Ligand code: ITT
């Protein structure tokens, strides 16, 4: 079972969370920059899986050791699944929650369902595959909490937003936690 993996991301929060989730499973996550791949591939796919694979392959071509990439986003039922694959481009960083609250202001309680989705792509010398994870919740009416990143302050899971949870609590429930645990299962079978 491999012990070290490079993560193809420029998002420091994804890198931190993935490290926290995989460390107890015995896998160390190294940033693409520390592995010598300072790139930002164009994410021109139309699905999470396509974009995750684009990022993982681009970094693998440089580092030639096992790579994972995370493509993720928030899918809001009342918005027909938006912003989805375009979550990072929905609003300038730091303004995504305010914009979403505004767009959802007339949506009643029972129609505020949403999910976080995460696809992890894995690439090494002789295999490439993707695994998925999801987390169901609701869009809140105001931002709450200061932990996490992105849409966490408006994503209500149980009785709190993800930004009100500790990193450990979020990682247990999150789409990223689910996808990375599925990755671990796949790698365990692979040997
Ligand atoms: P890389 O492509 O470099 O990995 P990115 O931030 O551009 O970084 P994505 O294209 O996958 O990554 O966009 C994912 C966006 O979805 C991210 O920027 C957040 O706005 C949102 N998102 C994903 N996971 C999240 C989480 O756990 N909590 C809050 N928001 C999240």
For a paramagnetic label modelled at 7 Å from the Cα of residue 160 toward its Cβ, which residues of region 127-145 fall within the zone defined by backbone nitrogen distances under 20 Å?
-> 135-145
Can you sort 47, 130, 161, 146 by how many other beta carbons sit within 10 Å, fewest first?
-> 146, 47, 130, 161
Folded to 0 to 90 degrees: helix 48-63 orientation relative to the chain principal axis, Cα | 30 degrees
Estimated 222 nm signal from helices in the chain, with DSSP H stretches of n ≥ 4 weighted -39500 (n - 2.57), rounded to 500 = -9500 deg cm²/dmol
What's the angle, to the nearest 10 degrees (0 to 90), between helix 12-22's Cα axis and the longest principal axis of the chain?
-> 70 degrees
Using alpha carbon centers only, region 121-191 is separated from region 25-89 by a whole-angstrom value of 14 Å
For region 51-191, state the average projected area of the convex hull of the C-alpha atoms over all orientations, rounded to one decimal in nm².
-> 9.1 nm²
Whether region 21-70 is rounded, prolate or oblate, judged on the alpha carbon gyration tensor where a/c under 1.5 counts as rounded = oblate
How far is helix 175-190 tilted, in degrees, relative to the longest principal axis of the Cα atoms in the chain, given as a value from 0 to 90 rounded to the nearest 10?
-> 20 degrees
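Read-outs throughout are calculated quantities, based only on the coordinates presented, and are distinct from any laboratory measurement. Keep in mind the model is a prediction, meaning the values are calculated, not measured. Every residue, glycine as well, gets a Cβ built from its backbone with ideal geometry; the counts of neighbours run over all protein chains shown.
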